[in-house]
Amino acid sequence: MRLSRRAEDYLRIIYEIKKEKGYVRIKDVAVALGVRPPSVTEMMQRLSERKLVSYEKRAFISLTEDGEKIAKNVKDRHSALIGLLEITGVPEEVARRDAHKIEHVISIETIEYIKKFVNKHKS
């Protein structure tokens, strides 16, 4: 299933907020992404149509099984890239910003090598 960068970002943010708070609201996602709540609602409707989130108006947001798989994958790529950039001395904020850009275009094969490298050098 091919998703836009924006859709992947939403899934990752939902996943991260759920891990942190235990629940996810439209407002939480809006704040995390720096967008307005109506933008989040619109994306939730799209992701719901694709069966990646469960969402009803004025209710909590949750990831479906497929949505969670994608979110974990995006989070994994994001974390591996941040780790790699930080190992090379890139400041944390710059590493996060750049990882966010790279995570959407890098191949699965390259990410696997980066994960191995980061795990080896962070120990």
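What order do you get for Glu103, Glu109, Glu68 when you list them from fewest to most C-beta neighbours inside 10 Å?
Ordered from fewest to most neighbouring Cβ atoms within 10 Å, Glu103, Glu109, Glu68 come out as Glu109, Glu68, Glu103.
DSSP loop trypsin sites (Lys or Arg not before Pro) in segment 1-101 with at most 12 other Cβ atoms within 10 Å of their Cβ, which ones?
Those satisfying the criteria are Arg2, Lys51, Lys57, Arg58.
Beyond 30 Å between alpha-carbons counts as too far, so tell me which of Lys19/Lys51; Lys75/Lys120; Lys27/Lys120; Lys19/Lys57; Lys57/Lys116; Lys51/Lys120 fall in that bin.
Too far apart for the 30 Å limit: Lys27/Lys120; Lys57/Lys116; Lys51/Lys120.
With +1 assigned to the C-beta of every Lys and Arg and -1 to the C-beta of every Asp and Glu, and no other charges, what is the dipole magnitude of segment 1-78 about the Cα centre in debye, to the nearest 20?
120 debye
Normalised by the empirical 2.2 N^0.38 Å for globular proteins, what value does the Cα Rg of the chain take?
Against the empirical 2.2 N^0.38 Å value, I get 1.10 for the chain.
Where does segment 13-59 land on the Kirkwood hydrodynamic radius, alpha-carbon pairs, in angstrom?
10.7 Å
5 Å is the cut-off here: which amide hydrogens, built 1.01 Å from N in the peptide plane, fall below it relative to Val53, excluding neighbours closer than 5 in sequence?
Result for Val53 returns Ser48, Thr64.
Output wanted: per-residue J couplings in Hz (rounded whole) for segment 72-78, from phi through Karplus 6.51 cos²θ - 1.76 cosθ + 1.60, θ = phi - 60°, x for Gly and Pro.
4, 4, 5, 4, 4, 4, 4
Under the rule of at least 5 residues apart or a separate chain, name every residue whose amide H is placed under 5 Å from the amide H of Val24.
Distant-sequence amide H within range of Val24: Ile61.
If you project the alpha carbons of segment 70-122 onto their three principal axes, what span does each projection cover, largest first, in Å?
27, 23, 16
Of His121, Pro91, Leu33, which is farthest towards the positive pole of the chain's charge dipole, taken about the Cα centre with +1 and -1 on the beta-carbons of Lys, Arg and Asp, Glu respectively?
Projecting each Cα onto the dipole axis, the largest value belongs to Leu33.
Readers should treat all values here as calculations from the given coordinates under stated rules, not as data from a laboratory. Since we're looking at a predicted model, the values are computed, not measured. Quick reminder, even Gly has a Cβ in these numbers, built from the backbone with ideal geometry, and neighbours come from all protein chains shown.
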